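Trainee: Quick one: the structure is below, questions incoming.
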Ligand SMILES: Cc1cc2nc3c(=O)[nH]c(=O)nc-3n(C[C@H](O)[C@H](O)[C@H](O)COP(=O)(O)O)c2cc1C
């Protein structure tokens, strides 16, 4: 599998789902809402995203990550939508994935409307930034793989 996109989205506006769909669409795949049936697959990059709820990521995403097998060297990227700040939520996902052996290639976040706050987010601009994040992440992941396999060194010698 090339790319897997898994997300948790709770509010009725489905802000994180909208971002996950845009990321997945730009990578030619489909985003999956996390559930007990979600199966992790080896992929070029695993994208994981959540909204922020009282400072934390969604509980079912947390439980899903707790149960993941060791995935030494699996490349991953994190995306967050929030009404004020992503910091702890990003760190929460990072910590769990790194515990499992993942390499975090990049992280990204944007505002998501919450009641009357941040009205209109994610905007079209946010969606475009999400696409750029997805593309940039895959590029970085490929370069990193090249370094690991020594391909860049060979390319430089030619
Ligand atoms: C119950 C609830 C609690 C929230 N708590 C926070 C918070 O602590 N910090 C923050 O930045 N945003 C908070 N938000 C805003 C959401 O993170 C934001 O609207 C996000 O885009 C929701 O994503 P979703 O539509 O995918 O669920 C909260 C939203 C809800 C509904």
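Trainee: Can you compute the FRET efficiency between residue 39 and residue 128 using 1/(1 + (r/R0)^6), with r the Cβ-Cβ distance and R0 = 25 Å? Round to the nearest 0.05.
Mentor: Values: r = 31 Å, r/R0 = 1.22.
Calculated value: 0.25.
Trainee: Jot down the radius of gyration and Dmax of the chain, Cα atoms only, both in angstrom.
Mentor: 15.8, 58
Trainee: Would you mind telling me the antiparallel percentage of the DSSP bridges in the chain, rounded to 5?
Mentor: Working: 2 of 25 bridges.
Antiparallel: roughly 10 percent of the beta bridges in the chain.
Trainee: Which of 101, 85, 28 moves the most in a Gaussian network model of the chain with Cα springs under 10 Å?
Mentor: Ranking 101, 85, 28 by mean-square fluctuation puts 28 first.
Trainee: Figure the gain on full extension for residue 68 and residue 139 (residue separation times 0.36 nm, minus the Cα-Cα span) and round it to one decimal in nm. Show your work: numbers first, answer last.
Mentor: Values: separation 71, 0.36 × 71 = 25.56 nm, distance 2.56 nm.
Length difference between fully extended and current span is 23.0 nm.
Trainee: A follow-up question, please. Where does helix 124-149 land angle-wise versus the long Cα axis of the chain, in degrees 0 to 90, nearest 10?
Mentor: The angle comes out at about 30 degrees.
Trainee: To the nearest 10 degrees, how steep is helix 15-26 against the longest Cα principal axis of the chain, on a 0 to 90 scale?
Mentor: 30 degrees
Trainee: Given segment 41-82, what whole percent of its Cα pairs are spread farther than 16 Å? Before the final figure, lay out each step's value.
Mentor: Numbers: 372 of 861 pairs.
The calculated P(r) of segment 41-82 puts 43 percent of pairs beyond 16 Å.
Trainee: Under 10 Å, Cα contacts only: if you run a Gaussian network model on the chain, which one of 29, 81, 90 comes out with the highest mean-square fluctuation?
Mentor: It is 29.
Trainee: With each label point set 7 Å from Cα along the Cα-Cβ vector, what nm distance links residue 12 and residue 87?
Mentor: 3.2 nm
Trainee: Rounded, prolate or oblate: which fits segment 100-143 when a ≥ b ≥ c are the square roots of the eigenvalues of the alpha-carbon gyration tensor, with rounded for a/c under 1.5 and prolate only if a/b beats b/c?
Mentor: Values: a/c = 5.94, a/b = 1.97, b/c = 3.01.
The shape class here is oblate.
Trainee: Please identify, among 98, 37, 72, the residue showing maximal mean-square fluctuation in a Gaussian network model of the chain using a 10 angstrom Cα cutoff.
Mentor: Maximum fluctuation in the GNM of the chain, among the listed residues, is at 37.
Trainee: How much mean residue ellipticity at 222 nm does the chain get from its helices, if each DSSP H run of length 4 or more adds -39500 (n - 2.57) and you divide by all residues, to the nearest 500 deg cm²/dmol? Numbers along the way, then the final one.
Mentor: Numbers: 5 runs with 66 residues, N = 158.
Result for the chain, helices only: -13500 deg cm²/dmol.
The numbers here are math on the coordinates, done by the rules we state, and not lab data. Predicted model, so just to flag it, every value in this text is computed and none were measured. Note that each Cβ is placed from the backbone with ideal geometry, even for glycine, and that neighbours are counted across all protein chains shown.
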